[in-house]
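Right, one structure below, let's go through it.
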Amino acid sequence: MAEADPAILARVASGVASIDAACWDVLAGSDDPFVSHAFLSLLEESGSVGPGTGWQSAPLLVEDARGTLLAAAPAYVKSHSQGEYVFDHSWADAWTRAGGAYYPKLQVAVPFTPVPGPRLLGRAEQAPALIAALEAMVQQNDFSSAHVTFVAPDQVAMFESAGWLIRRDSQFHWFDRGYGDFDGFLGALASRKRKDIRKERAAANAAVQIEALTGDAIRPHHWDLMWACYQDTGARKWGQPYLTRAAFDLMGERMGDRLLLFVAHDRNGGRPVASALNLIGSQALYGRYWGCLVEVPHLHFELCYYRAIEWALDHGLSRVEAGAQGGHKLARGYEPVPTWSAHYIPHPGFRAAVSDFLERERAAAEQEAGWLAGHLPFKQA
């Protein structure tokens, strides 16, 4: 358990939108668009989080005696485990069967966004105070637990040193290894994989014409298309979409320069048939939402993976993160990387059971990571 510093104060705000944007963004930095004030507040203002969603915004703030904001965490009180991408349903079931109440719980995360990034915003020396405040929030409100998901790798040790349980999972990210351009990337692949990608790209581009839009070039009718595509994907994956229609409009209004929208048009008539929305960081391109209105062979790979790689190479970004899951990304040059979450469970018995589960899960994850590393599509040295 972390120790609190009596010289500072912690409080819970009513939402990120209630906090001064400049003060929040000083802590969040400019690398990661998802922890920016603009992104988190538009989730609140659009109704994507808030009443009726099971996500109650409760950002935790650490201030000095003069009220100066020193650190913050994007925290939410949760009444379910949807939209997190780190699955704890079995924990909830076990605790319920034991007579406990798993919900509400405390979640520190970017809602609906499986992107690793900072969860303790501010200077590293403030981390113990912020972690102690999260623990106090759990205890004072009789929450079952706190979960900090998709923690930036350099923050994992902060939680581990405070005694939190650490969970490992994996994603697939593309890295620029000095390729120069897409042909340079293809040249690093084994011959068969290189041929497969060229065939997929040729098939997709024979059926559609693709445009890349950023900033003011993204017009209202593009958001109408994106919404239709997002609804289709959401209905198939989750039953209903997490984001509201208003969230896309607000993204366009407030974050246009950090958005990249690919739109695919049918070559027979020019009708838009698919779109993919990415967010632009200082070092990475983040693929987030995609959908299609007409099935086109290999279009998902072209729009979400290959075009993203090309754009990143053309604009000096060192990696592409294409979201959760997807072992099919491996064959397309996306490499397995570990992702991390941290969990605070005050009940000793429940904590011991989860700790045992995580130890076994991590052993399996490390074994899988070794297997995946041996099946990368690159030429053998």
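The values are calculated or read from the model by the stated rules, or taken from the named source; none is laboratory data. Nothing here was measured: the structure is a model prediction, and the numbers come from that model. All Cβ positions, glycine included, derive from the backbone under ideal geometry; neighbour counts span all protein chains shown.
Some notes on this structure:
- Within the stretch 85-111, the residues that satisfy the criterion of being within 23 Å of residue 122 (Cα to Cα) and in contact with a Lys or Arg (Cβ under 9 Å, 6 or more places away or on another chain) are 106, 107, 108, 109, 110.
- Residue pairs meeting the criteria (Cβ under 6 Å; at least 6 apart or on separate chains; first more than 29 Å from residue 23 (Cα to Cα) and crowded, with 18+ Cβ neighbours inside 10 Å, in the stretch 72-91; second among the polar types (S, T, N, Q) and at pLDDT 95 or above): 86/149; 86/341; 88/81
- Residue list for the stretch 139-161, filter: closer than 29 Å to residue 97 by Cα and surrounded by fewer than 19 Cβ atoms within 10 Å (Cβ to Cβ): 139, 140, 141, 142, 160
- Test: residue in the stretch 275-286 that is more than 18 Å from residue 115 (Cα to Cα), touching a helix residue (DSSP H, G or I) at 6+ places or on another chain (Cβ under 9 Å) and not aromatic (Phe, Trp, Tyr): yes
- The helices (runs of 4 or more DSSP H) located wholly in the stretch 115-197 that include 2 or more residues which are over 29 Å from residue 279 (Cα atoms) occupy 127-140, 156-161.
- Flag if residue 219 is at pLDDT 95 or above, farther than 27 Å from residue 334 by Cα and surrounded by fewer than 19 Cβ atoms within 10 Å (Cβ to Cβ): yes
- Taken over the stretch 16-41, the criterion of being crowded, with 17+ Cβ neighbours inside 10 Å and either at positive phi or hydroxyl-bearing (Ser, Thr, Tyr) (or both) is satisfied by 36, 41.
- Failed item, numbered, when residue 95 is tested on (1) without any contact (Cβ under 8 Å) to a residue 60 or more places away in the chain; (2) closer than 20 Å to residue 166 by Cα: (1)
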